[in-house]
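The values are calculated or read from the model by the stated rules, or taken from the named source; none is laboratory data. All figures in this text were calculated on a predicted structure; none of them were measured in a lab. Every residue, glycine among them, receives a Cβ derived from its backbone with ideal geometry; neighbour counts consider all protein chains shown.
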Amino acid sequence: MRIETNLDLAEYNSYRLHSIAEIAYFPDTLEELKGVVDRDSIIIGGGCNLILTKEVYTNPVVFIKNNYSGIKQNGNTLIVKAGTDLQALSEYARDHSLSGLEYYYDIPGCVGGATIMNAGCNGQAWGDLVSKVTIFDADDQTVSTISKKDMHFEYRGNVLKDIKSVVLDVELMLKPGNRAEITSIMESNKRQRWAKQPRNYPSAGSVFKRPPGFYVGQMITEVGLKGYRIGGAMISDKHAGFIVNCGNATASDIVALIKLAQTRVKECFNIDLELEQRLV
């Protein structure tokens, strides 16, 4: 197992915020993971949906990406370790003519994070594909499996939001498909994302959950904040639902923009924008 001290976390979060982990672990096996995870640990997967708010983390930081990854196939079923990259997973499914993961191609992040937040796009939610999830409970140090029914998937959430746990692996039920058609959908969605989203600056995806019947980017644009900048952070001038790091942004810059957007939208639309990203 790789162990690092005083590790700069800039390369491990998609905002590229600079924070220091006094000690960081990269477990490769379940036994190694059990040995370093407790309720005080900070778990980082793809680092694509979080905002690092501290300059220094004294709690152990445990990484679950690439080092804790892998795919096993049984017919149309894939059993995937939590650290597996979403793009690598979607490419595996394509190469094996399995349909269901096309819309997760070119989305940053890993399987554990997608499961915890019930990631979704194009009307599909991650939970639609899941049949069961295996977790490690950091409180009682036990491994257990949760069925799809007991996961209680909902918009951007499920039962895991209330449990101090680590996703170990996820069983996904896919469908047979045509490789050429799967490839076409994947590439089409990639083009659409690059056309609409700010890919030229570091960001962590959509900042807020979408309120029913409204579009966050449109509301933030209408209140005059599209392209608004605080310090090194900016509400994207391409898609106002994103905040980007356009020059050595700090967490306080990003949080200030979040609060400003929430205040303006509340004043103008009487809607409370709920944060989708996680403050750590």
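Here region 28-82 is the region considered, the condition is being in contact with a Gly (Cβ under 7 Å, 6 or more places away or on another chain) and of a type in the set (S, T, Y), and the residue that is surrounded by the fewest Cβ atoms within 10 Å (Cβ to Cβ) is S69. Which of the residues that make up region 165-201 are surrounded by 14 or more Cβ atoms within 10 Å (Cβ to Cβ), more than 26 Å from G241 (Cα to Cα) and touching a strand residue (DSSP E or B) at 6+ places or on another chain (Cβ under 7 Å)? If the condition is that a residue be surrounded by 14 or more Cβ atoms within 10 Å (Cβ to Cβ), more than 26 Å from G241 (Cα to Cα) and touching a strand residue (DSSP E or B) at 6+ places or on another chain (Cβ under 7 Å), then S165, V166, V167, L168, D169, V170, E171, L172, M173, L174, G177, I182 are the ones that fit. Whenever a residue of region 41-63 is closer than 13 Å to A204 by Cβ and outside the structural domain of C110 (by TED's automatic domain parsing), its partners that are basic (K, R) and modelled with pLDDT under 95, lying with C-beta atoms within less than 9 angstrom and at least six residues away or across chains, give the pairs I44/K65; G45/K65; G46/K65; G47/K65; N49/R278; L50/R278; I51/R278. Filtering region 134-162 to residues that are more than 24 Å from R210 (Cβ to Cβ), out of contact with any Asp or Glu (no Cβ under 7 Å at 6 or more places or on another chain) and of a type in the set (A, V, I, L, M, F, W, C) leaves I135, F136, V143, I146. Out of region 67-84, which residues are in a loop (DSSP other than H, G, I, E, B) and touching a residue at least 40 places away in the same chain (Cβ under 8 Å)? Within region 67-84, N67, Y68, S69, N76, A82 qualify. Checked against (1) out of contact with any Phe, Trp or Tyr (no Cβ under 9 Å at 6 or more places or on another chain); (2) farther than 18 Å from P202 by Cβ, Y228 meets all criteria but (2).
The criterion of at least 2 residues that are outside the structural domain of K34 (by TED's automatic domain parsing), within 19 Å of the chain's Cα centre (by Cα) and under 21 Å from E32 (Cα atoms) is met by the following strands (runs of 3 or more DSSP E) wholly inside region 102-196: 130-137, 165-173.
Of all residues in region 223-252, count the ones that are crowded, with 17+ Cβ neighbours inside 10 Å, under 16 Å from N13 (Cα atoms) and not hydroxyl-bearing (S, T, Y). Residues flagged as crowded, with 17+ Cβ neighbours inside 10 Å, under 16 Å from N13 (Cα atoms) and not hydroxyl-bearing (S, T, Y) within region 223-252 amount to 8. Give region 260-279 a look and list any residue that's within 21 Å of the chain's Cα centre (by Cα) and among the charged types (D, E, K, R), or say none. Matches in region 260-279: E274, E276, R278.
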